[in-house]
Amino acid sequence: MSAEPETTTGPRPPSPRLGLLPMIIFGSRWLQLPLYLGLIVAQCVYIVLFLKELWHLASHALDLTEQEIMMSVLALIDVVMISNLLVMVIVGGYETFVSRLDLQGHPDEPEWLGHVNASVLKIKLAMAIIGISSIALLRTFIEAGNLGSNRASLTENGVMWQVLIHITFVASAIGIAFVDRFSDATSRKHAE
């Protein structure tokens, strides 16, 4: 007999047998599968939007002003950040709420996926939303120079609301992180 450590890549132990009601309740998590597949379709739509915006930028690069180029690049960054958010929700949500993906050891396994749970996913999503909001707000600030002119696509009131909404996102993320940290400390205290 050898004293080799047991690996976790072997066959899984048999699942415990569930009664009918627990089986239905636990199985209901698969109802989320069409939602995640729908988000994959939304990801494809964002790819089309990205390519459209990139084509517009490349084909009109010589005709655009520096500000217009900056706005186009910010639009591309915005699409990428929303796409990253979609990946986080699709992969992290499926792994957390539906079924394991069993990616351990896969060379492309996302580093963050190994320690994702509902709490971590909430904080990551909040940070991604703040990033997306920041890009939108930056675009607004760049366009703010046109306020009061005929070229303005927004009003002072619109700018104020965007700033307030962004501040709300930031405050919400801080609140989520604080509650998460507080509940983490409480559970550690009870475990001791």
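The values are calculated or read from the model by the stated rules, or taken from the named source; none is laboratory data. Keep in mind that this is a model prediction, so the values were computed, not measured. A quick note on method: Cβ atoms are made from the backbone with ideal geometry, for glycine too, and the neighbour counts reach across all protein chains shown. Areas reflect the complete protein model, heavy atoms only, side chains present, ligands, DNA and RNA absent. Shrake-Rupley method; radii C 1.70, N 1.55, O 1.52, S 1.80 Å.
Which of rounded, prolate or oblate describes region 113-192 when judged by the alpha-carbon gyration tensor and an a/c cut-off of 1.5? Intermediate results must be reported in sequence, preceding the final value.
Numbers: a/c = 6.39, a/b = 3.10, b/c = 2.06.
Prolate shape, in that a/c is at least 1.5 and a/b is the bigger ratio.
Please check which bits of region 78-110 a label hung off Ser134 would reach, taking the label as a point 7 Å along Cα-to-C-beta and the cut-off as backbone N under 14 Å.
Residues 78, 81-82 qualify, since their backbone N sits under 14 Å from the label point.
If the reach is capped at under 20 angstrom between alpha carbons, list the aspartates and glutamates near Lys124, excluding any in the same chain fewer than eight residues apart.
Of all the aspartates and glutamates, those that pass the test against Lys124 - Cα under 20 Å, at least 8 places apart if same chain - are Asp78, Glu95, Asp108, Glu109, Glu111, Asp180, Asp184.
At a 1.4 Å probe, what is the % contribution of carbon and sulfur to the accessible area of region 85-192? Don't jump to the answer; show the numbers that get you there.
Details: 4410 of 7120 Å².
The computed percentage sits at 62.
Grab the DSSP H runs of the chain that are 4 residues or longer, score each as -39,500 (n - 2.57), total them, divide by all residues and round the 222 nm result to the nearest 500 deg cm²/dmol. Could the numbers behind the result be given before it?
Numbers: 5 runs with 119 residues, N = 192.
It comes out at -22000 deg cm²/dmol, rounded to the nearest 500.
At 0.36 nm per residue, minus the direct Cα-Cα distance, what do His60 and Leu20 gain on full extension? Give it in nm, one decimal, please. Walk me through the intermediate numbers first.
Numbers: separation 40, 0.36 × 40 = 14.40 nm, distance 6.21 nm.
That pair, His60 and Leu20, stretches by 8.2 nm at full extension.
What does the accessible area per residue of the chain come to in Å², with a 1.4 Å probe and no ligands, DNA or RNA counted? The partial results should precede the final answer.
Details: 14110 Å² over 192 residues.
That works out to 73 Å² per residue.
Add +1 for every Lys or Arg and -1 for every Asp or Glu among the other residues with Cβ under 13 Å from the Cβ of His56, and state the total.
Values: positive: Lys52; negative: Glu53, Asp63, Glu68.
Counting the neighbours of His56, the net charge comes to -2.
With θ set to phi - 60°, apply the Karplus curve 6.51 cos²θ - 1.76 cosθ + 1.60 along region 48-54 and write out the HN-Hα couplings as whole Hz, x wherever there is a Gly or Pro.
4, 4, 4, 5, 4, 5, 5
Identify, among Phe182, Leu121, Met81, the residue whose Cα sits farthest towards the positive end of the charge dipole of the chain, taking +1 on the Cβ of Lys and Arg and -1 on the Cβ of Asp and Glu, with the dipole about the Cα centre.
Among Phe182, Leu121, Met81, the one farthest towards the positive end of the dipole of the chain is Phe182.
How high is the relative contact order of region 82-192, in percent, with contacts defined as C-alpha pairs under 8 Å that are six or more residues apart? Kindly include the intermediate steps, with their values, before the conclusion.
On the way: 52 pairs, mean separation 28.5, N = 111.
Here the relative contact order equals 26 percent.
Taking amide H positions as placed in the peptide plane 1.01 Å from N, state which residues far from Val116 in sequence (5 or more) or on other chains have amide H under 5 Å from it.
Placed amide hydrogens put nothing under 5 Å from Val116.
Tabulate in residue order the Karplus-calculated ³J(HN,Hα) for region 35-41, using 6.51 cos²θ - 1.76 cosθ + 1.60 with θ = phi - 60°, rounded to whole Hz; enter x for Gly and Pro.
Working through the residues one at a time gives 5, 5, 5, x, 5, 5, 4 Hz.
To test your reading of the geometry: what angle, between 0 and 90 degrees and rounded to tens, separates the Cα axis of helix 156-191 from the longest principal axis of the chain?
20
Can you match semi-axes √(5λ) of the Cα gyration tensor in Å to one of these, (i) 57, 14, 11; (ii) 43, 23, 17; (iii) 28, 20, 16, based on a calculation from the structure here?
Recomputing semi-axes √(5λ) of the Cα gyration tensor in Å here gives the entry labelled (ii).
At 0.36 nm per residue, and after removing the present C-alpha to C-alpha distance, how many nm does the segment from Ser153 to His106 gain when stretched out fully? Can you show the working numbers first?
Working: separation 47, 0.36 × 47 = 16.92 nm, distance 4.73 nm.
Length gained, Ser153 through His106: 12.2 nm.
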